[in-house]
Amino acid sequence: MAMPNPRSVLTSAPSPPGSCSSSTSSWSAAAEIMAPAPLSPSDGELLRSLHRLARDLSAAAETPAPFLRGALASITRRYRLLAAAFDDLVLCAAAAGGDMPRSASLCLREVLLVLQRFKVLAADCAARSRMRLLLQSDEIEEEVRELHQDLATLLDLLPVVELGLAEDVVDLLDLASRQCRRFAPSVSVQAEQALKARVLSLIQEIEREIVPERERLREILEEVGINDPATCSQEIESLEREIGDRASERWTDAMIALVGLLRYAKCVLFSATPRPSDSKPDPEVDEEGEPPAPPPDFRCPITLDIMHEPVVVASGQTYDRESISRWFDSGKSTCPKTGQVLTVLELVPNKALKNLIVKWCRENGVAVESSEASKSEPAQAVAANKAALEAARMTASFLVKKLSICFSPDAANRVVHEIRLLSKSGADSRAFVGEAGAVPLLVPLLYSEDAGLQLNAVTALLNLSILEANKKRIMHAEGAVEAVAHIMSSGATWRAKENAAAAVLSLASVHTYRRRLGRNLSVVEKLVHLVRTGPTSTKKDALAALLSLAGERENVGKLVDAGVAQAALSAISGEETAAAVLAALAKRGGAEAIVGIDGAVARLVAEMRRGTEWSRENATAALVLLCRRLGAQAVTQVMAVPGVEWAIWELMGTGTERARRKAASLGRICRRWAAASAADGERGSVCPAASSVVPPAMMAS
C-alpha cells in the first residue's frame with residue numbers, strides 16, 4: 001500500500017473544531033505557533049522540542065469538563081510513550097554528533113507540527129465553556145481522530161533503522177502508532193453523546209413551556225461539571241462571550257438557550273450568592289471620595305475616561321468607539337494620538353482589552369454603566385430564541401415570587417442580585433421582570449441599611465428603566481421617585497448614588513416624566529449636590545441627568561434656582577457634559593443667570609480653547625446664545641477675555657462642523673461689536689475693549 005507523503009499531512013489538516021470560519025481566535029493562535037521560523041532549528045533543538053511537547057501533552061490531563069476526562073486520559077498515555085521514545089532519540093542524536101539522516105529530520109519536523117496542533121487543540125478546549133465543549137464533541141472527536149491518523153502515518157514513515165534506535169524504543173514507537181490508528185469512539189464518547197442528547201431534550205422541553213424537574217436538571221449539570229453558583233456564573237459568562245464572538249454559528253441558538261437555562265438553574269438550584277465585588281462598598285476610596293484610578297492603558301486617549309468599547313484604528317492605536325467615531329464624523333481622517341493620516345477608517349474591536357477592563361472593573365468595584373445596562377449582541381439574539389425566552393420568563397417569575405417572601409436582608413440580597421443580572425440581559429428579560437411585579441418590591445429596598453442590597457436594588461431599577469413600559473411602572477410606583485432621591489443623598493456607596501442619577505437620566509427620556517422630575521426640587525438638588533461633591537463617574541451621570549431635565553423650558557427656572565449653572569461651571573474643566581448643560585440653560589431662559597456668575601464667560605471661552613471636541617462645540621454654542629439673548633451685556637464680557645478672537649479663529653479651522661458654524665456666528669457677533677465700538681469711539685465714546693486685535697480673516701465680510 002502506498003504511504004502518503006509526510007509533507008501532505010500538514011496541508012490536509014482539518015479545519016478547527018466548532019466549524020470553521022467562526023473559530024478564528026483559537027486557530028490564529030495555532031497559525032502563530034505553526035508558522036515556520038526564518039531559520040530551521042538544528043536537529044538537536046528539534047528533538048528537544050519534540051521531547052518537551054510530548055512531555056507537556058502527557059501531563060495535560062486537566063479539563064473543565066468531566067465528560068472529557070476519559071478521552072484525555074487515553075491521549076495522555078500515548079504521549080507518555082512518545083516522551084520516552086524522544087528521550088532516547090535525544091541521547092542517540094547526541095552520541096552521533098547531533099545530526100540525523102535527512103529523511104528522519106524531515107519526518108520529525110512534521111511530527112513536531114502535529115504535536116503543536118495537538119497542543120493548540122488542547123488549549124482551545126480548555127478555554128471553551130463546558131456546554132460548548134459538549135455541543136461540539138462530534139467535531140472535537142473528528143479533529144482528534146484525524147490528528148491521530150496523521151501522527152500514526154508519520155511514525156510509520158520514520159526511518160528507525162537509520163536512527164539506530166534500541167529495540168525497546170522501536171517497540172514504543174510501534175505501540176504508539178498502533179494505538180493512534182485504532183483510535184475509535186470509546187465508552188466515554190458514547191456517554192458524551194447521551195449527555196448531549198439529554199441537554200438538547202431539556203431545551204426542547206423549555207420551548208414547550210415545560211418547567212424542568214429540579215433533580216433532573218441538577219443531575220445533568222453535575223455531569224457537565226456545574227455544581228455551584230460560582231461555576232454556573234463562570235459558565236454563563238463564557239457562553240455569552242462565545243456567542244458575542246460568534247465562536248460557533250452552528251450551535252449559537254442552543255448556546256443562547258443554555259444561557260437562559262443556566263440562569264434559571266443558578267436561581268433554582270444553587271440559591272446563588274452575589275460575588276463580593278458586586279455587593280461590597282466602594283473599595284479603596286481616597287480622601288476625596290474618588291474610586292481607584294484605572295490603569296492608563298484602560299483610558300481613551302481622547303476623553304481620558306475608561307473605555308467601554310475599545311476599538312483599534314489603522315494606526316494601531318486604541319480608542320473608545322464613541323469618541324473615535326465622533327472624531328471621524330467631524331470630518332477628520334487622522335489618528336488623534338499619532339497624527340498619522342488614515343486611509344482606512346475601519347474600527348476593529350479590541351476584545352482582549354475589553355475583557356481586561358471588565359475584569360478590572362469587577363475586581364475594583366467600579367461601575368461601567370454602559371455595559372451594566374446595555375443591550376449586548378447575545379441579548380439581541382434572544383428575541384428569536386423561544387427556549388431562551390421561556391427560560392427568562394420562568395426565572396423572572398421564580399425570582400419575584402421568592403423576593404416577595406424574603407424576610408432577611410441576606411436572602412433578599414441574593415434574589416435582588418439575580419434580578420439585577422437578569423434585567424441587564426435584554427429587553428425581553430426586563431419585560432418579564434417588570435410584568436412579574438418586581439418594581440414595587442424593589443422600591444422599599446432602596447432604604448435598606450445593607451450597602452450591597454441597596455446597590456443591587458437601585459441598579460436593578462436602573463436596568464429595568466431602560467424599557468419604556470418599566471419607566472411607567474417605576475414612575476407610578478408609590479414612593480419610587482422619593483426613594484431614588486434618597487439614594488442620591490444618603491446612598492451607602494458612590495456606585496449606588498451614581499446608579500440612582502443614571503436612573504433619573506433614563507426616566508427623564510420620556511417627555512412627561514422629564515417635566516415631573518424637573519418639578520421635584522428634591523431630585524434636582526440631589527443631582528446638583530452630586531455634581532459638586534461626587535467622583536468623576538458620578539458627576540458624569542448627574543450632569544447627564546441635569547442636561548436631560550434642562551431640555552424642558554419650564555424646568556429651567558427651577559434648575560437655575562437650585563444652582564445648576566454654578567455647579568456646571570465648577571465642573572466644566574473636567575466634564576464635557578457641563579458645557580452642554582450651560583448651553584441648554586442659555587437656550588431656554590437661563591442666560592442672565594449664567595452671565596451673572598463671576599467669571600462664567602471667561603470659563604466658557606477657556607473651554608472653547610482647551611476642551612474636548614464636544615465641550616468646545618457646546619461652550620461656543622453657549623457663548624453665542626448668551627450674546628444673542630443678552631446683547632452688549634454678554635458681548636462685552638466675551639471680548640474682554642484675552643485671546644478670544646484667536647480662539648474663535650482656531651475653532652473655525654479645526655472644530656467639528658457644528659463647532660465651526662457656532663464659531664463663525666460668534667465671530668460675526670464680535671465683528672459687529674468691534675465695528676460698533678469703533679463708531680462709538682469716533683463719536684467720543686470710550687470702550688475698554690475697543691482696541692482688541694481681530695484676526696484678518698475675522699475682519700473679512
Expressed per residue, the solvent accessible area of the stretch 465-504 in Å² (1.4 Å probe) is about 34
Counting only protein heavy atoms with a 1.4 Å probe and every protein chain in place, the carbon and sulfur fraction of the accessible surface of the stretch 172-254 in whole percent equals 48
Ignoring ligands and nucleic acids, W494 exposes an accessible area, probe 1.4 Å, in Å² to the nearest 10, of 50
With a 22 Å threshold on alpha-carbon distance, the violating pairs from K402/K472; K337/K359; K196/K424; K266/K424; K558/K587 are K402/K472; K337/K359; K196/K424
Applying the gyration tensor rule to the Cα atoms of the stretch 428-510 (axes a ≥ b ≥ c; rounded if a/c under 1.5, else prolate if a/b exceeds b/c, else oblate), the class is prolate
With the 1.4 Å probe rolled over protein heavy atoms, the stretch 391-431 has an accessible area per residue in Å² of 37
In whole angstrom, the spacing between the Cα centers of the stretch 445-514 and the stretch 569-640 equals 31
For K332, counting only lysines whose alpha-carbon sits under 28 Å away and dropping same-chain residues fewer than eight positions off, the answer is K351, K354, K540, K662
Reported to the nearest 10 Å², K386 has, with a 1.4 Å probe, an accessible area equal to 90
Result for the stretch 530-573: accessible area per residue, probe 1.4 angstrom, in square angstrom, of 32
For K119, the aspartates and glutamates lying under 17 Å Cα to Cα, once residues fewer than eight places off in the same chain are dropped, come out as E32, D56, E62, E110, E139, E141, E142, E143, E146, D150
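The values are calculated or read from the model by the stated rules, or taken from the named source; none is laboratory data. These figures come from a predicted structure and were not determined experimentally. Remember, those area values only see protein heavy atoms, side chains included, never the ligands or the DNA or RNA. Shrake-Rupley method; radii C 1.70, N 1.55, O 1.52, S 1.80 Å.
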